[in-house]
Structures are given as structure tokens and as C-alpha cells.
Amino acid sequence: MSVPAELHYTPEHEWVSLDGATASIGITEYAAQQLGDVVYVSLPAVGSAVTAGEPCGEVESVKSVSDLYSPVDGEVTEVNAELEDDPSLVNADPYTGGWMFRVRVPQDGDGQPALPADMLSAAEYEELTKSAG
Amino acid sequence: MTTPRQTPLHEVHERLGATMTSFAGWQMPLRYASETSEHLAVRRAAGLFDLSHMGEISVAGPGAGAVLDYALVGNLSALRPGRARYTMICAEDGGVLDDLVVYRLDADEFLVIANAANTDVVYEALADRARGHDARVTDATGDYALVAVQGPAAAGILAPLAGGLDLDGMKYYAGESGSVAGRRAWVARTGYTGEDGFEVFCRPEDAVPVWEALAAAGGPAGLVPAGLAARDTLRLEAGMPLYGNELGPDVTPFEAGLGRVVKFDKPGEFVGREALAARAASGPVRRLAGLTIGSRRIARHGYPVLADGSPCGTVTSGAPSPTLGVPIAMAFLDSADSEDRVLTVGIRGEAVPAQLTDLPFYRRRQ
């Protein structure tokens, strides 16, 4: 199971990649495996505001429908339109081609992008998936 | 809640990295990798399934045929040894307690295959309905493992491993006792995928060698292990009902479009006859229909079906169809005149167009 070290994670199995003030967001390989083949992804609208911990879309697989939670606060700047035609990218390539949406995150007092304090490191996330069996 | 039972193949599934799921009191493989790939492998080559959770109930003795004629809706005493029949067990009110495959192993013994979730109900009903007959009803689920090899390549994969079995001459819905990979087995040409294929009933201690031999022999032909997720989409494409979805205690065989399994012309009384005869005469108040869905979203069990915007039924099963490339569903529709109206399915608040289509969605080339 791949858990790239440079990403940030949530207990809801999203990953966040930061590039300046832009956070790219997707779901982890563990989540994709648990869901099975993804057949439909519903994403937030570009320009909409998302709130950390709140549902902002849905991931539908052969066997289930799951809410997609935003891991961060901010404004949606871009969504992965390729998932509309090929949602299986989420299974095949969860950390790159299977990214879902991008959010411009607010800055903290030091001019750094503000991520929620309870985000997990790769090591912490890996521990979480192991204890989940 | 008791701990789910493990099949004799549990360690094999773990070694293969299967995603396991709790199903009807058993820990079963849901998928090994991609359920879509497993589905397509069964359509194009073959899939290997562990179905050891299914219930096996033995009905044996001189009165076994008479017990089944009384207990089930089919005419089982007319079944010849070595043949199988798809049938149902109903309650007095005509509601379906389970759908079954019954094998006549020999003149005096039948093996009744029940859905895992219903094994206890079926066993108790059969034991109750056997009273006063010269027959013994035994829950033999623990005596059998069940491995299925399904798909167009199944016969070619099984043949070199089969001893004392005439696979070429074996008709669909027939079975013989013989051996597979040197292990004693009852082998039947039956399945739940819409493909040609075989079900191998063996002793639990023989399940691993039987599985391993089939996996090794089938690998070059494209056989892959397949889980319950693929089994569900395969049976849905083939228009086969699933108990709990299309069948249940509030459904009669007629509403499910399976009235042909009820044999009113068989001799003697049977449980449910009166209610079923009334239902056959009045016609079903709802019917099972096939739908294709005009979106990538899946119309799932319990979602409402609307005709010209008014409720007209409920989805019983829905899934993407890997063969057709669109989502498909089965649904109970209230009336027969939905053909002329615009159908939609309410998928989490969105009205998604749906098209009536004949069942099954998929029929294999003969």
C-alpha cells in the first residue's frame, strides 16, 4: 500500500498536496482499495467554498456511495475533469492522475498556508490504516 | 452477533490479498483486485469462486421425493438422478422463503442448496414439512466446500483434472459424482453467472487442493479468482434474482417473473398452493423489470422509480454493467403500462432517466 511521505492525510482517507497556497486533494490508495472500482465522482463546483470536515462531493463505487469530505477550508479553484470520463483513475493512480479538486487555502499569521491542525503525517496515516485492519 | 465463520479457503483468500466482507454470517472474499476485471474475466475466460457459505441440506430416504414435492413449489420427485432443478420454498401465504437449486444425487437422496442467509430457515422448514414421511433432513453445510469455475473456458480447465466424469456429455443442470484433482467431488453444470460453468462440491479438507489445482490449470486460460462483488454483477446482467433483493417473504414467484417454477399440476398438496393459485389467477400487482440508466450513477436497492414524475416502483438491484458499459437495474414496477411513460430513477435527489429493457440484460452465445 502506497502512502507518499510528502503528502498530508485525514482520518477520512483524503490526501492533501500543498503547492504554495494551493492544496490538491484526492483519496488515498487505501480508500480506493476499500471502495473497489470507482464508477462516478461528484465534485464541488469551481468557485464554491469548502469547509474542512464537511462533505463536498460523493465517490461512487460498484458496491457503495461515500461522501467526499474536504480536508481544508478555502475556495475551489479547479476540479479534475478527466474523472468525468474515466473515474477509474482514482483506483489506478490515486495520488497523481486521480486527484479530485484544488482549493486555495487561507494563510496564517506567518503567511503560510493554513492546514487544519489535526492532519496526519504519512507515518500516522499508515498506522491508522494498519489498526483498521 | 457471533464471529463470522470462515470457509476452508480463508487462508487462500488472505494470501491472494482479497478484500474480505462479512456476508450472511460468513467472512467471504468481496474482490481480489478489481471486481470489473473479475467480471470480464468470467465473461471472456473463467473465474474461480469460493461459495462454501452456501447451505447444503440433505434430504434422504425412500420418502425424500415426496417430502420435497410437499415442501417446495417444484415437482422434485420427477427429477431424475443426476439432474438439478431451480425451485423455491414458499410460506403458506405464497411468500418466498428462499430460492434453491436441488440436485438428485441418487434415487433416495437429494441435496438442497440454500442461500447462506436462509440455511437455517430452509432447514427448519424442511425438517418440519418432512414429519410423517420416511425421510431424514440434515443440515450438511459443514460437510461440503463449494468451488465454482465459471466462464466459457471452464470446461476446458476442469476436464484434465476431472476423474470419472463425462464433462462433454454433462448437460446444463446435471451433475455427477467423480473426482477433481484426485479428490472426491460432486460436480454439476450449474452456476449463477449467466455463463457455462461448473460447481464442485467437495469435502472441506479437500477445498484447498481442489482450488489450487483449478487455479494452476486455469491461469494460462485466463482464469482469475473472483469475489462476491463480481458474482453480484454477473447474476444481475444475467437477470437472475437475488434473495433479499428481488425475492423475499413479501414476494411471490409470480411477481418475480418466475411463476414457471410453481408446478400446480404435480400430484398431491404442497405448502403455499392455495395462495399461489389465487395469485396466479389474479395476476401480479407488480412486476420485475429491467432498466438501463442514463448516467454513470447507479440506481441502487431501494431507490424510487418514477413514471412521468409519479412514484411507480422501487429498484431491487443496481450496478454498472461491465458488459453493456452502462449502469443497469432491476426494479419492481406497480403497473404494466409504464412502457408509454417517461421513467426516471431518484438517485439521491436527482431524477436520472431510465429505459425499460427486456431481461436478461445479457445472454451468452450458445
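At-a-glance table
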read-out	value
Meets criteria (farther than 30 Å from B:Ile293 by Cα, at pLDDT 95 or above and not polar (S, T, N, Q)) for A:Pro4	yes
Any hit, region A:68-91, residues being over 30 Å from B:Thr36 (Cβ atoms) and surrounded by fewer than 16 Cβ atoms within 10 Å (Cβ to Cβ)	yes
Filter result (within 14 Å of chain B (Cβ to nearest Cβ), touching a residue at least 40 places away in the same chain (Cβ under 8 Å) and not in a strand (DSSP E or B)) within region A:59-83	A:Leu83
Candidates B:Ala91, B:Ala18 - the one that is of a type in the set (Gly, Ala, Ser), in contact with a Pro (Cβ under 9 Å, 6 or more places away or on another chain) and over 26 Å from B:Phe254 (Cβ atoms)	B:Ala18
Failed condition for B:Ala281, given (1) of a type outside the set (Val, Ile, Thr); (2) in a loop (DSSP other than H, G, I, E, B); (3) free of Cβ contacts under 8 Å to residues at least 24 places away in the same chain	(2)
Qualifying positions in region A:111-127 - modelled with pLDDT under 90 and assigned to a loop (DSSP other than H, G, I, E, B)	A:Gly111, A:Gln112, A:Ala114, A:Leu115, A:Pro116, A:Ala117, A:Asp118
Condition check for B:Gly259: under 23 Å from the mean Cα position of the chain (by Cα) and within 14 Å of chain A (Cβ to nearest Cβ)	no
Among residues of region B:99-130, those that are closer than 14 Å to B:Gly74 by Cβ and either part of a loop (DSSP other than H, G, I, E, B) or over 20 Å from the mean Cα position of the chain (by Cα) (or both), counted	1
Residues of region B:284-298 satisfying the condition of being within 14 Å of chain A (Cβ to nearest Cβ) and either under 18 Å from B:Ala256 (Cα atoms) or part of a strand (DSSP E or B) (or both)	B:Ile293
Residue that is at pLDDT below 95 and out of contact with any Phe, Trp or Tyr (no Cβ under 6 Å at 6 or more places or on another chain), where the choices are B:Gly163, B:Gly142, B:Gly156, B:Gly151	B:Gly163
Of all residues in region B:1-21 being within 12 Å of chain A (Cβ to nearest Cβ) and surrounded by fewer than 16 Cβ atoms within 10 Å (Cβ to Cβ), the one that is farthest from A:Met1 (Cα to Cα)	B:Glu14
Of all residues making up region A:76-104, the number that are modelled with pLDDT under 95 and within 22 Å of A:Pro4 (Cα to Cα)	0
Subset of region B:184-209 that is part of a helix (DSSP H, G or I) and either under 22 Å from the mean Cα position of the chain (by Cα) or at pLDDT below 95 (or both) - its residue that is nearest to B:Leu158 (Cα to Cα)	B:Ala207
Of all residues in region A:1-56 being of a type in the set (Gly, Ala, Ser) and within 14 Å of another protein chain (Cβ to nearest Cβ), the one that is surrounded by the most Cβ atoms within 10 Å (Cβ to Cβ)	A:Ala32
Out of B:Asp98, B:Asp134, B:Asp108, sole residue that is surrounded by fewer than 18 Cβ atoms within 10 Å (Cβ to Cβ), outside the structural domain of B:Pro152 (by TED's automatic domain parsing) and in contact with a helix residue (DSSP H, G or I) (Cβ under 8 Å, 6 or more places away or on another chain)	B:Asp108
Residue within region B:299-310 that is without any contact (Cβ under 8 Å) to a residue 60 or more places away in the chain, more than 14 Å from every other protein chain (Cβ to nearest Cβ), surrounded by 23 or more Cβ atoms within 10 Å (Cβ to Cβ) and closer than 16 Å to B:Pro353 by Cβ present	yes
Scan of region B:311-324 for residues that are within 11 Å of another protein chain (Cβ to nearest Cβ) and not aliphatic (A, V, I, L, M), ordered by number	B:Gly318, B:Pro320, B:Ser321, B:Pro322
Candidate set from region B:182-236 (those that are small (Gly, Ala, Ser) and within 14 Å of chain A (Cβ to nearest Cβ)); member that is farthest from B:Asp168 (Cα to Cα)	B:Ala229
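Let's see how each residue does on (1) of a type in the set (S, T, N, Q); (2) under 14 Å from B:Gln355 (Cα atoms); (3) crowded, with 16+ Cβ neighbours inside 10 Å:
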| site | (1), (2), (3) |
| --- | --- |
| B:Val271 | no, no, yes |
| B:Val285 | no, no, no |
| B:Ala289 | no, yes, yes |
| B:Gly294 | no, yes, no |
| B:Ala319 | no, no, yes |
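The values are calculated or read from the model by the stated rules, or taken from the named source; none is laboratory data. No experiment lies behind these values; they were computed from the predicted model shown. Note: ideal-geometry Cβ built from the backbone for every residue, glycine included; neighbour counts use all protein chains shown.
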